[in-house]
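Notes follow the structure.
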Amino acid sequence: MTPSYVLTLAFAAFLLAGLAVKFWLATRQVRFVARHRASVPAAFAGTVSLAAHQKAADYTVSKSRVGLIETAFGTAVLIGWTLLGGLDALNRALLAWMGPGMLQQLVLLGAFAVIGGLLELPFSLYQTFVVEQRFGFNKMTWKLWLADAAKATLLGAVIGLPIAALILWLMGAAGPWWWLWAWAVWMGFNLLLLVVYPSFIAPLFNKFQPLEDETLKARVTALMQRCGFAAKGLFVMDGSKRSAHANAYFTGFGAAKRVVFYDTLLAKLSPGEVDAVLAHELGHFRHKHIIKRIVALFALSLLGFALLGWLATKGWFYSGLGVRPNMVGPNDALALLLFMLAVPAFTYFISPLMAQFSRRHEFEADAFAATQTSGRDLGNALLKLYEDNASTLTPDPVFVKFYYSHPPASERLARLGAGVPA
């Protein structure tokens, strides 16, 4: 068999195997959650109402069913782009219209992004304006949605096209080691985003007001000083204008770090519980989880660029994925797109490993928070967040192992050693 044929078979096999596993896991999750819908788990019977438990179950099942359809559709689209020749047809049409060159490659990337976004749009709209609306979470208006979409598209073009042009130029001009230079540019770009995002990008979508509650500010500041953490500021974000979901997070890098609380979070938690949630986030920094993730991103992306640098020179890489490489003109944009399309199919089965590392980090952050604040406050806060975000208390254990980046409520509360909060 030719290398092209082997790649076609391998891609199809991994893609279909991944689809089968995704369907198996999703149906397990739906059945497991539905089977435990009728009663609150005994450990939570005194703290979670039956109505809240059933809302979480129904919300989980609804999202999972939409996800099943979206997964099947996404797989069909992926096959359409690759083995059925969709990307090849788009590339040929643009070559006939524009001829080969940098502009044609940038238009190919842009056209692919626009078409892909339009294909995903119905699912995004249904999730926001049907599922989230049905369960009382969506606060977004159509006007706000359109404004967000316009800003995101413009921002993507302003930021994405120059970095894409630079990488395409490096692919064509930097010789056989172009991938190393492109990796350095990509990593530099990501680090720059960590710095500029809090101050320049995030405010385009949300309002960030300094935390005005002086008592809470004093508590939070004392906690951060006790933990040896410095931030540029404490801010409250108007998350309630889009969703009823609550959260808090750190953003930025180096001197640009800032603490952000959703206004919905502050409305639901007591000061002690806010302290505990913040201490959890501080735990990620104390254990250097952020640095570890950045280092992992550096390493994995380096491997990815090196692999792309090798594959981009192989004709079978293109033909095996349904594309005829250009005989006249560069194939760099095609290589980028094919790599982006194919890699997830081959790496899907390492998802459980990545999820396990993430859950371990969450446990470590919880343990740190319990040493700096009240474990009971953290347990209370977690339970409120699980309930207010309609996170099911009875997820399928296998689904959890494969996908969950955060441990289920029962596991987190058991690790805290305090049982279920009162």
Query raised in the report: Mind checking which residues of the stretch 386-398 are buried (at least 20 other Cβ atoms within 10 Å of the Cβ) and farther than 20 Å from Ser374 by Cβ?
Result: Ala390, Thr392, Leu393, Thr394, Pro395, Asp396
**Report entry** Condition met for Gly329 (surrounded by fewer than 18 Cβ atoms within 10 Å (Cβ to Cβ) and in contact (Cβ under 8 Å) with a residue 60 or more places away in the chain)
**Finding:** yes
Query raised in the report: Based on what the data block shows, is Val185 surrounded by fewer than 18 Cβ atoms within 10 Å (Cβ to Cβ), touching a Leu at 6+ places or on another chain (Cβ under 8 Å), assigned to a helix (DSSP H, G or I) and free of Cβ contacts under 8 Å to residues at least 60 places away in the same chain?
Result: yes
Requested in this report: Within the stretch 303-314, identify whether any single residue is crowded, with 18+ Cβ neighbours inside 10 Å, on the phi < 0 side of the Ramachandran plot and not in a helix (DSSP H, G or I), and answer yes or no.
Outcome: yes
Requested in this report: Please verify whether the stretch 204-223 includes one or more residues that are within 25 Å of Phe298 (Cβ to Cβ) and part of a helix (DSSP H, G or I).
Outcome: no
Report task. Can you give me the ranges of the helices (runs of 4 or more DSSP H) entirely in the stretch 25-140 with at least 1 residues that are modelled with pLDDT of 95 or more and under 21 Å from the mean Cα position of the chain (by Cα)? Result -> 50-81, 102-126
Report task. State whether one or more residues within the stretch 319-332 are more than 30 Å from Met224 (Cβ to Cβ), out of contact with any Asp or Glu (no Cβ under 7 Å at 6 or more places or on another chain) and in a helix (DSSP H, G or I). Result -> yes
Report summary line: Screening Ser358, Ser351 for residues that are in contact with a His (Cβ under 8 Å, 6 or more places away or on another chain), of a type outside the set (D, E, K, R) and surrounded by 14 or more Cβ atoms within 10 Å (Cβ to Cβ) leaves only Ser358
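The values are calculated or read from the model by the stated rules, or taken from the named source; none is laboratory data. All figures in this text were calculated on a predicted structure; none of them were measured in a lab. Positions of Cβ are backbone-derived with ideal geometry, glycine not excepted, and every protein chain shown enters the neighbour counts.
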